[in-house]
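Note sheet for the following structure.
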Amino acid sequence: MMDKLIFGRYVPADSAIHKMDPRSKLIMVFLFVFVIFLANNVVSYALVAVFTLAIVKLSKVPARFLINGLKPVLILILFTFLLHLFFTKEGELLYKWNVIEIYSGGLRQGIFISLRFAFLIVITSILTLTTTPISLTDGLETLFNPLKKWKLPVHELALMMSISLRFIPTLLEETDKIMKAQAARGTEFSSGPVTSRMKAVVPLLIPLFVSSFKRAEELAVAMESRGYRGGEGRTKFRLLRWERKDTYLVLAICILGILLIVFRT
Amino acid sequence: MGEMGETIVKLEQVVFKYDGQERNAVDHVSFEIFEGEWLAIVGHNGSGKSTLAKLLNGLLFPESGRILVKEKELTEETVWDVRRQIGMVFQNPDNQFVGTTVQDDVAFGLENAGIPREEMITRVGDALHKVNMDQFLNQEPHHLSGGQKQRVAIAGVVALSPSVIILDESTSMLDPKGREEVLETVRMLMEERGVTVISITHDLEEAARADRMIVMNQGSVYKEGTPKDIFLLEEELISLGLDIPFPVKLSSSLREQGIELSQIHLTDEELVNDLCELISKM
Ligand SMILES: Nc1ncnc2c1ncn2[C@@H]1O[C@H](COP(=O)(O)OP(=O)(O)OP(=O)(O)O)[C@@H](O)[C@H]1O
Ligand SMILES: [Mg+2]
């Protein structure tokens, strides 16, 4: 169950998007979030759709992963769609029944906003589906590096993130072990009333916390013994490589932006 | 096994006490460690072995007394150099694995030392080759066995080419196979690179194979000598809460029974050989 939550993310595949530098993907997603708000008519939405589909196609990520990503927000999308459908009173009246009135503008707006939502989710999913968490971390670290000037502990944050990533499987394994140990003593985790299930979590969390602190302490000692003394003077083993295709990706999103400015009304 | 060289580490009347503890965890400890030797440190739980190891690595500093590494005193200023000379492998394989993959983890120490990337790549490759883990470069830690993780930890230390490696119960959480793998790796490093090994252990069979042994008791050195000298103490060791390896026990029982064995035996092999010899004489 917990496996899927976190490991359901990265999907290894041999695609152009997979091989890109995490920085270019991060920049693309960042710009996309702004650019998509420029779309406001059929042509501009069609352009965004083409862009999104092209990225999906290039990433070679099976559609079911994207659909899985959309599922949790489906209700939200539906809700905003209905909200616009019923409460935007523009254009001509299409349908009327009692107090319910649907205008063409509302329908249009509902569809557009839902699409915007869906595109955003798809593009951000593509980022996490095609980039390993660790290279995302590396990408963020290099992109945020200039902020060190303003005392933002970029290196430390990145290290924290990479250590968390490293320990997630270990802690999940441990959770599993403790759960089994407690289940053997008669604790019910998966059935019974909600209150008793909540109570069952306590004997799970406490040993987990205790052991995490012990791990953290030992890890800190081991890191120090291996010569870790902050980011100063450190070299990096993992290298990010910006290639031509990365420039193309960033150019593509810029061009999309320009086209949207031209075609929007 | 390595032959005894010059003194590489020297402890002089080292004292250490943890805050809030009444007794000294390490109490006026003095001894020397020689280049190229395998030194086993044994002792009951809480006898100060891990504290000693941390002192040697500058993770703790003595209250009084001195530690000399290659004749230079270990102080706040020299500690980073000393850590490059003395590498340490800890007990829990999970809690010393920093990287998200095997090669990242081995590179961690090199990154800290500011080694250029090109050199890092060759050093990581070499170190992993040494510990026979080079087919696992991109493996994530949770897919490795305990013994494999410890070998990666050793590679992380080896990549920095230290003169001394301290193993603080590094094999105690492993199964017999993993333990043998790790010890074999360390032994090979000793032979090929002449590193000095300090092995802290509860496994007296392992200690019996060392060049020299130190027995700790309540923070002090109780006895120092070759494994043969140490295991002659038998009863005393037991009263210190230590066990005795099976061949040593068997050999002394046989002697008690009046069987004429000339000496104590540290390994099964020695005992079997002597017994065979005895039988052939009868
Ligand atoms: N962080 C600490 N804070 C306070 N006291 C400590 C700490 N670590 C160890 N001690 C105490 O110092 C003494 C020596 O501990 P140390 O860990 O060096 O023993 P050890 O020989 O390594 O034992 P073991 O065989 O169990 O690993 C013990 O009495 C222990 O309780
Ligand atoms: Mg210890």
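The values are calculated or read from the model by the stated rules, or taken from the named source; none is laboratory data. Remember, predicted model here, so these are calculated numbers, not experimental data. Neighbour counts run over all protein chains shown; Cβ positions are idealised from the backbone, glycine included. Surface accessibility is based on the protein's heavy atoms, side chains included, excluding ligands, DNA and RNA. Shrake-Rupley method; radii C 1.70, N 1.55, O 1.52, S 1.80 Å.
Quick check, is B:Asn57 in contact (Cβ under 8 Å) with a residue 24 or more places away in the chain, within 14 Å of chain A (Cβ to nearest Cβ) and either within 16 Å of ligand 2 (Cβ to nearest atom) or not aromatic (Phe, Trp, Tyr) (or both)? Yes, satisfied.
Set side by side, the residues B:Ser30, B:Ser50 differ, and just one is within 15 Å of the chain's Cα centre (by Cα), polar (S, T, N, Q) and assigned by TED's automatic domain parsing to the domain that holds B:Leu183, which is B:Ser50.
A single member of B:Gln218, B:Gln263 is over 16 Å from the mean Cα position of the chain (by Cα), in the same structural domain as B:Ala53 (by TED's automatic domain parsing) and of a type outside the set (A, V, I, L, M, F, W, C), and it is B:Gln218. Is it true that B:Phe97 is crowded, with 17+ Cβ neighbours inside 10 Å and away from ligand 1 (no atom under 16 Å from the Cβ)? Considered against the rule, which asks whether it is crowded, with 17+ Cβ neighbours inside 10 Å and away from ligand 1 (no atom under 16 Å from the Cβ), B:Phe97 comes out as yes.
Listed conditions (1) open to solvent by less than 10 Å² (accessible area, probe 1.4 Å); (2) out of contact with any His (no Cβ under 8 Å at 6 or more places or on another chain) are all met by B:Glu277, apart from (1).
Determine whether A:Val61 is part of a helix (DSSP H, G or I) and aliphatic (A, V, I, L, M). So A:Val61 does not fit the description; no.
Return a yes/no flag: does the range B:113-136 have any residue that is at the interface with chain A (Cβ under 10 Å from one of its Cβ atoms), open to solvent by less than 10 Å² (accessible area, probe 1.4 Å), in contact (Cβ under 8 Å) with a residue 12 or more places away in the chain and among the aliphatic types (A, V, I, L, M). Scanning the range B:113-136, I find at least one residue that is at the interface with chain A (Cβ under 10 Å from one of its Cβ atoms), open to solvent by less than 10 Å² (accessible area, probe 1.4 Å), in contact (Cβ under 8 Å) with a residue 12 or more places away in the chain and among the aliphatic types (A, V, I, L, M), so the answer is yes. Only one of these conditions is not met by B:Asp229: (1) touching a residue at least 24 places away in the same chain (Cβ under 8 Å); (2) of a type in the set (Asp, Glu); (3) out of contact with any Asp or Glu (no Cβ under 9 Å at 6 or more places or on another chain). Which number is it? Failed condition: (1). Within the range A:68-100, the set of residues being β-branched (Val, Ile, Thr) and closer than 19 Å to A:Phe112 by Cα comprises A:Val73, A:Ile75, A:Ile77, A:Thr80, A:Thr88. Per this entry, A:Lys96 is not counted among residues that are more than 21 Å from the chain's Cα centre (by Cα), under 22 Å from A:Asn40 (Cβ atoms) and among the basic types (Lys, Arg). If I go through the range A:237-250 residue by residue, how many of them are open to solvent by 90 Å² or more (accessible area, probe 1.4 Å) and either within 14 Å of chain B (Cβ to nearest Cβ) or among the hydroxyl-bearing types (Ser, Thr, Tyr) (or both)? Here the count works out to 3. Residue-level analysis places B:Leu39 among those that are under 23 Å from B:Val158 (Cα atoms), away from chain A (no Cβ under 14 Å), within 16 Å of ligand 1 (Cβ to nearest atom) and surrounded by 22 or more Cβ atoms within 10 Å (Cβ to Cβ). For the range A:126-147, filtering for residues that are within 14 Å of the chain's Cα centre (by Cα), away from chain B (no Cβ under 13 Å) and in a helix (DSSP H, G or I) leaves 6. Criterion first (surrounded by 14 or more Cβ atoms within 10 Å (Cβ to Cβ), part of a helix (DSSP H, G or I), in contact with a helix residue (DSSP H, G or I) (Cβ under 9 Å, 6 or more places away or on another chain) and within 14 Å of chain B (Cβ to nearest Cβ)) does A:Leu204 satisfy it? No: the conditions fail for A:Leu204.
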